[in-house]
Amino acid sequence: MGGPAVSVRTSPDPVAEAPPAAPARRLRGGAITGSRWFPYLLVLPLALVLWGYIVQPMLATFFESVGENAGDNYTGFLSSDGVAQQSLINSILISVASVVLCGVVGVAMAFLLRRFQFPGRGLIEAIILVPAALPPLIGAISFQLLYSETGILPRALQQLFGTEEPVLAVSGIAGVLVVHTFTMYPFFYLAASAALRGLDPSVEEAAYNLGASRLRMWRTVLLPMLTPAMVSGALLVFMTSLASYTAPLLFGVDQTMTMQIYINRTNGDMPLASTYASVLGVVSILFLLAMRWYEGRRSYRSQSKGVASHRREVTNPLGRWLAMVGSLVGVAVLLAPVATIGLVAFSRDGSWTTQVIPSEYTTENFRTIVDDPRAFEPILNSLTISAVATAGIIVVGVLIAYAVRRLQFVGRSLLDIGVMLAWALPGTVVAINLIAAFSTGSVFSFGQVLVATFWIMPLAYFVRFLPMVFRSTSAALAQTDPALEEAARNLGASWPRAFLTVTVRLVLPGVVAGALLAFVHGVGEFVASVLIYTSQTEPISVAINNSMYRFEVGTAAAYGMLQIVLIFIVMLVSGRLERGRSSRSAKEATQWAG
Amino acid sequence: MVEVRLDAVSKVFSRSGEPAVDTVDLTIRDGEFFTLVGPSGCGKTTTLRMVAGFYFPSAGRIFFGADDVTRTAPNKRDTGMVFQNYALFPHLSVAQNVGYGLKTRKVRGAEARRRVDEALEQVHLAGYGGRRIDQLSGGQQQRVALARALVIRPRTLLLDEPLSNLDAKLREETRLEIRRIQREANTTSIYVTHDQAEAMAMSDRIAVMNGGTVQQVGSPEEIYRRPANRFVATFIGRSNVLELPAAGAGPEHVDVTGPDGVTLRAAAPSNHGLSAPATALVSVRPENIRLTVPEVAGSLRATVVETEFTGMSTNVVVDLAGTELHVAAVQVPAGLAAGATVGVVLPAEHLWVVRP
């Protein structure tokens, strides 16, 4: 987990989700203000922000990594006997395995839910994204509590079969893969599901009619047509797995890129941490570019009109029965992580040792985290940091989206790429970048050292979650006809007035949805925080992690429940906001601009 | 290539219980161009899809020649289907689309290339083999779909409203093309359409369907001149169906009393079963009714309700003793306008008794 967070509405969805939006009409600078320099006046500060807090810190990390011994740190990646190369290989292997597993699960789920009608289908479809919506740390913890050697399921099976050892327990890399599969298959599921929805069923029939067997039809028609969706799904899963930090942390897989960054940083070897961060950053950016390139290619949409694909009703009694049982198991598996956290949140700290589920229950955990000032502090910290970051994100994100969508200026795509960089960089790398850039005073920190202060926290959140507001605003803008703003100008409104009373008003639901999402991701943030927090700025996720270390599982879960409840509230609210707009815009909200 | 026979075929979709197709018996002769025509929801597409194998009948059997294909999978039937939306594979080129069926039939290499080129030439798309599907116009896509269905030399060619996505002019050109190509290949063809004019123009024989049942099977001329029942009479062309009391009957005619009390002799099918006191349904085509000045002997007096000039003819709606009558007149009496009184002549040789 970590890196680009998987979430219901913001996952940067692959091409197949919607056909590329028709390029929004852009206003010429002159049409807005009468000065063709106007766009640059607006864009310059934005460009400076992106440069100062995203690009320049990345370069600082690179200079840090080559600073003392001119690149010696990089030779580790070339020699076969060493942690460096092994970590890179592990990270890549884990990512490849995650892609395969997520691909199988996600595409299979998409087929089941899109092509068949069976009892329980609607319920499964409603909750299919729940595991992926959990905050990264608490999500990974829930899988640990469920499936590791000390987890509920292996112990329950052990008791059931009376064996010596827990049954089906996952550990190490297998554990990481379980977490990745459950939290990242939506990338494939959403892509394949959208592609299947857009697929014309008569194309399949045509293949059968021409004599193709079922197997041949799959091989020559269905799979090739799903390829664009699968490739973009694969790229996303690969990137996200590469950035994953909490899963290797909890399942003790030290030799991955993200873990090495963390370990070297905590050991005080900043140059080496920077080296890992630079390599990981470069790989992530390469994947970002690959994705951009691939998204430019066409996807296969149905060319015919008015043909809906039919779900095949499962009619044979055995099939229905199996489907029912399968659905129940599916619901249980999908809800198990949240249920586990909910259950454990009511367990007395220290009481759960070798039992299948905790033996003593109490509401004390919740009282503690609210009443005890020291326990409440992380909550306050998280809310404050997220609020500050979100405020900044709204201002900068909305303006960048506006500039990219509506203004014509040299370097427009650079601005776009700047925001995408923020999205592509793993949280761990973002943290290292900020440490490298702001461990001494800089122009962008007004000469202050930011490391080990409060301000580096909201700054990290700002960088990580800026893309969310940018993307949702940009989608909302694509839905809003520029002629409306021109009409306001025609009726005598100044540009700021027209912008505020017309454009801002119309894109407000999109902005609010994006801002809520950024805020809630801030409250759940762990990956970057753990590298830059101080005891005064400890956020919730770090408090959860520390509680876990002190075996205060109940308290940790209680904090986790808080995050989960917040997430579901936000999902509900933004669902409402989305419904206010057209379904098309909801689709576009998941897409990158331009 | 083969005779297609539907033997009491019914299809009930599980959800409703109402049969979509109800006991359809049809024999499509070898090499014939046969059309299923009817309003939407009449079961014509369902029937075609059962022949293609996309639905299995709930009852009845389907034969291709001597082969019982009732439960045969669609890919084993050797039919070539042209879909309403063409269903071209968007990820394959034009030539690959056309060659798809050859590949499944293990026709490879030079032979496959030759046949693909031939098929493309046949539909006037020679040289388009390398194009992507989305680089073609609607009419071109339609022809690729046709070439793809024909290149495999199927036992039967199935066409599911293939012209409905084309504009009017292209539709007429393409229907001539389809018919030409079908005649050249002499492939048994089943064509589905809701457009009765298209059905009349293209078909050797037509089956008119309504409510899941076949109303009448016959040549276009038979169906037009001798409609079996009121539905066929009004669906094919726009016939006037008059309810007139029968005054007497012969084996192949019925004498009916016209609106002015004059007895008219209408031809009737041999088993019409009508006799004196019954009401006969008499169909008369708009173009067979003559308009005259009111005084002409043998004409009925009627009032003009509405006129519409279409160029070729004038459509006139007249009120004949409380019944609205549609008349398509090539020549109309001078000064004809709504409210005018005209004479209407119902020529006995064009009267035809239909069933309800």
Practice prompt. Could you count how many Lys pairs in the protein assembly as shown have their Cα atoms under 28 Å apart, skipping same-chain pairs fewer than 8 positions apart?
Written response: 10
Worksheet item: Looking at region A:99-177, which GluC sites (Glu not before Pro) are in a loop (DSSP not H, G, I, E or B) and have at most 15 other Cβ atoms within 10 Å?
Response: A:149, A:164
Fill in: Cα-Cα separations in chain B greater than 39 Å, expressed as whole percent
30 percent
Response to the item:
P(r) of region B:1-94 over all Cα-Cα pairs, 10 Å bins starting at 0, rounded to whole percent, reads 15, 46, 30, 9, 0
Worksheet, complete the sentence: Per the helix-only model, chain B has a calculated mean residue ellipticity at 222 nm (DSSP H runs of ≥4, -39500 (n - 2.57) each, divided over all residues, rounded to the nearest 500) of -7000 deg cm²/dmol
Worksheet item: Debye sum, Cα scatterers, region B:238-354, no solvent: what log₁₀ I/I(0) at q = 0.11, 0.17, 0.20, 0.23 1/Å?
Response: -0.35, -0.78, -1.02, -1.25
Discussion item. Could you derive backbone 3J(HN,Hα) for region B:210-216 from the dihedral phi with the Karplus parameters 6.51, -1.76 and 1.60 (θ = phi - 60°), listing whole Hz in sequence and x where the residue is Gly or Pro?
Written reply: 7, x, x, 10, 7, 8, 6
Practice prompt. Could you list which residues have their amide H under 5 Å from that of residue B:306, counting only those 5 or more apart in sequence or on another chain, with H placed in the peptide plane?
Written response: B:317
Worksheet item: How large is the helix-only mean residue ellipticity at 222 nm for chain A, computed as the sum of -39500 (n - 2.57) over DSSP H runs with n ≥ 4, divided by its residue count, in deg cm²/dmol to the nearest 500?
Response: -22000 deg cm²/dmol
Worksheet item: Loop-only check: which GluC sites (Glu not before Pro) in region B:271-356 are DSSP coil with at most 16 other Cβ within 10 angstrom?
Response: B:295
Discussion item. Under the rule of at least 5 residues apart or a separate chain, name every residue whose amide H is placed under 5 Å from the amide H of residue B:81.
Written reply: B:158
Fill in: Where labels lie 7 Å past Cα in the beta-carbon direction, separation of residue A:573 and residue A:440 in nm
4.3 nm
Worksheet item: Which helices count as membrane-span-like in chain A under these terms: full DSSP H, at least 24 Å along the axis by C-alpha, Kyte-Doolittle mean of -1.0 or more?
Response: A:83-115, A:172-198, A:223-243, A:270-295, A:317-345, A:373-406, A:456-479, A:505-524, A:553-580
Item to complete: Could you list which residues have their amide H under 5 Å from that of residue A:362, counting only those 5 or more apart in sequence or on another chain, with H placed in the peptide plane?
Response: A:347, A:348
Worksheet item: Normalized C-alpha radius of gyration of region A:44-139, against 2.2 N^0.38 Å?
Response: 1.77
Worksheet item: Expressed as a whole percent, how much of the Cα-Cα distance distribution for the protein assembly as shown exceeds 57 Å?
Response: 32 percent
Discussion item. Using the Cα atoms of region B:163-258, I'd like the radius of gyration and the largest Cα-Cα distance, Dmax, both in angstrom.
Written reply: 17.0, 52
Response to the item:
In whole µm²/s, the translational diffusion coefficient that Stokes-Einstein assigns to region A:369-441, given a Kirkwood hydrodynamic radius over C-alpha pairs, 20 °C and 1.002 mPa s, equals 141 µm²/s
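Read the figures in this text as sums done on the coordinates, not as results from a lab. Small disclaimer: the values here were computed from a predicted structure and weren't measured. Every residue, glycine as well, gets a Cβ built from its backbone with ideal geometry; the counts of neighbours run over all protein chains shown.
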